[in-house]
Amino acid sequence: MTMQRRCALAFALCAIFPAAHAEESAFTVSTDGGLKVTSRDGNATLQLGGRLQYDYDATRSRDRGIDTRDFDMRRARLDVRGRVGDWGYKMQFNLAESDQQPGGGTAEDLYITYTGFGPKAQFTIGKQQEPLGLERVTSDNDNLSLERSAASELYTPNRTSGVKLHGAGERWTYALGVFEARGDGVDDFGRRAITGRVTYAPYRAGDTVLHVGVSATRRQGDTVAPDIDTAIAEAALSHGPLFAQGEYFVSDRGGRDLDGYYLQLGWVLTGETHPYQDGVFGRIKPDGKRGALELALRHEAGDGNYADIGLDSSRQIFDGRQTAIGLNWYADRNARVGLSYMRGEAHDASGLRLRGNELRLRFQYAF
């Protein structure tokens, strides 16, 4: 470690624990996967994390006159998380100003969690991810495909403000909360959403996990947006280097019935296994110095948001189908290079058939 880095680290630690310099052993520092500081008595922790996802994206749709090629900072986030006694916290901020995700400098996660009752009953309040769908609650660092499915993009909201009761055991998890229906902070709780998810692993032994779950949300509407009721069934199987995951979505939007599904398969050519914890599968951690290589395949059909292949969701395109094939190289536990190609078609509200495709290359570093 250079003298400059040592000085920067010392300055950060003094800012985090202002009394720490008075006693040499007041805290411990870990750099395993990130920077984590723990007080001597273990009662307080602080961890710095973040992610960078830099993409090359080529999207083409002759039916819509789209032919774009672009380098884009898909995501750039920094977060601070930890706990003090029975209280946990997380603050995550988006720094990127991307074409797909405008609003650099906005808050992604801002919440506190009470953990005094143990892991089986915890309360989280603030801006957070709603417990709806396996693909949505899985971090975009860890999802098998570079972009979420068209069904997840349509049926599952992004982070919203709310209050959530949740817990987990060795094989099960549950979560139930009340959130803002819009999620943009404008209407606060003028329109509310009730969202919940339950998962269970009926078989978990060695490097094999069978996962099932259900989730649902009821969202209040107004004169502009209708009431929305959505239910999702999810299942996944991880067996050694093989991985399979699928979800089926049904929704009622102001009397209009919608449904869709996706199924994705993964095969880690180098033999590693996707880790599993608290009802979610994580990304591959390579065993060797050359990293891990994984093939990915996804097919989806039904009502969804197919904007990733150039079919703009503002035209209310719903009924469609899409296939994606990808390759992921996990250089180490932090770095990932992914390549994917998606091709599909969908119909807009008038029944017009539109086709499109996308080639995406991603360089990712997460800690």
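Regarding ASP278, is this residue out of contact with any Ser or Thr (no Cβ under 7 Å at 6 or more places or on another chain) and not aliphatic (A, V, I, L, M)? Don't jump to the end; show me each part of the working.
Numbers: out of contact with any Ser or Thr (no Cβ under 7 Å at 6 or more places or on another chain): no; not aliphatic (A, V, I, L, M): yes.
Judged against the criteria, ASP278 is not a match.
Residues in segment 61-85 that are surrounded by 14 or more Cβ atoms within 10 Å (Cβ to Cβ) and under 26 Å from the mean Cα position of the chain (by Cα): ASP72, MET73, ARG74, ARG75, ALA76, ARG77, LEU78, ASP79, VAL80, ARG81, GLY82, ARG83. When GLN129, GLN47 are checked against the criterion of being of a type in the set (S, T, N, Q), within 30 Å of ARG343 (Cβ to Cβ) and free of Cβ contacts under 8 Å to residues at least 40 places away in the same chain, GLN129 stands alone in meeting it.
Of the residues that sit in segment 29-46 and are open to solvent by 60 Å² or more (accessible area, probe 1.4 Å) and in a strand (DSSP E or B), which one is modelled with the highest pLDDT?
Filtering segment 29-46 for residues that are open to solvent by 60 Å² or more (accessible area, probe 1.4 Å) and in a strand (DSSP E or B), the one modelled with the highest pLDDT comes out as LYS36.
Within segment 222-253, the set of residues being open to solvent by less than 20 Å² (accessible area, probe 1.4 Å) and either without any contact (Cβ under 8 Å) to a residue 60 or more places away in the chain or outside any strand (DSSP E or B) (or both) comprises SER238, GLY240, GLY246. So for segment 183-199 (the condition being buried (at least 18 other Cβ atoms within 10 Å of the Cβ), over 22 Å from ALA121 (Cβ atoms) and either of a type in the set (Ser, Thr, Tyr) or under 19 Å from the mean Cα position of the chain (by Cα) (or both)), does at least one residue qualify? Taking every residue of segment 183-199 in turn, at least one turns out to be buried (at least 18 other Cβ atoms within 10 Å of the Cβ), over 22 Å from ALA121 (Cβ atoms) and either of a type in the set (Ser, Thr, Tyr) or under 19 Å from the mean Cα position of the chain (by Cα) (or both). Among the residues of segment 206-217, are any of a type in the set (Gly, Ala, Ser), farther than 23 Å from ASN305 by Cβ and open to solvent by less than 20 Å² (accessible area, probe 1.4 Å)? So far as segment 206-217 goes, no, none of its residues is of a type in the set (Gly, Ala, Ser), farther than 23 Å from ASN305 by Cβ and open to solvent by less than 20 Å² (accessible area, probe 1.4 Å). When each of GLY282, GLY271 is tested for being closer than 23 Å to THR173 by Cα, surrounded by fewer than 16 Cβ atoms within 10 Å (Cβ to Cβ) and either out of contact with any Lys or Arg (no Cβ under 7 Å at 6 or more places or on another chain) or among the acidic types (Asp, Glu) (or both), the lone residue that passes is GLY282. When segment 86-110 is filtered for residues that are open to solvent by less than 60 Å² (accessible area, probe 1.4 Å) and at pLDDT 85 or above, the ones remaining, listed by number, are GLY88, TYR89, LYS90, GLN92, ASN94, ALA107, GLU108, ASP109. With respect to being surrounded by 15 or more Cβ atoms within 10 Å (Cβ to Cβ) and either basic (Lys, Arg) or on the phi > 0 side of the Ramachandran plot (or both), LYS120 falls outside the description.
Condition check ((1) open to solvent by 10 Å² or more (accessible area, probe 1.4 Å); (2) over 20 Å from ILE66 (Cα atoms); (3) in a strand (DSSP E or B); (4) basic (Lys, Arg)) across all residues:
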{"residue": "ARG290", "(1), (2), (3), (4)": "yes, yes, no, yes"}
{"residue": "LEU295", "(1), (2), (3), (4)": "yes, yes, yes, no"}
{"residue": "HIS299", "(1), (2), (3), (4)": "yes, yes, yes, no"}
{"residue": "ILE317", "(1), (2), (3), (4)": "no, no, no, no"}
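Residues TYR306, TYR276, TYR262: which one is surrounded by fewer than 22 Cβ atoms within 10 Å (Cβ to Cβ), among the hydroxyl-bearing types (Ser, Thr, Tyr) and either touching a residue at least 60 places away in the same chain (Cβ under 8 Å) or under 24 Å from HIS211 (Cα atoms) (or both)? Unique residue meeting the criteria: TYR276.
The values are calculated or read from the model by the stated rules, or taken from the named source; none is laboratory data. Note that the coordinates shown come from a computational prediction; the quantities given were computed from them, not determined experimentally. So basically every Cβ, Gly included, is an ideal-geometry build from the backbone, and we count neighbours across all protein chains shown. SASA here: full protein model, heavy atoms, side chains in, ligands and nucleic acids out. Shrake-Rupley method; radii C 1.70, N 1.55, O 1.52, S 1.80 Å.
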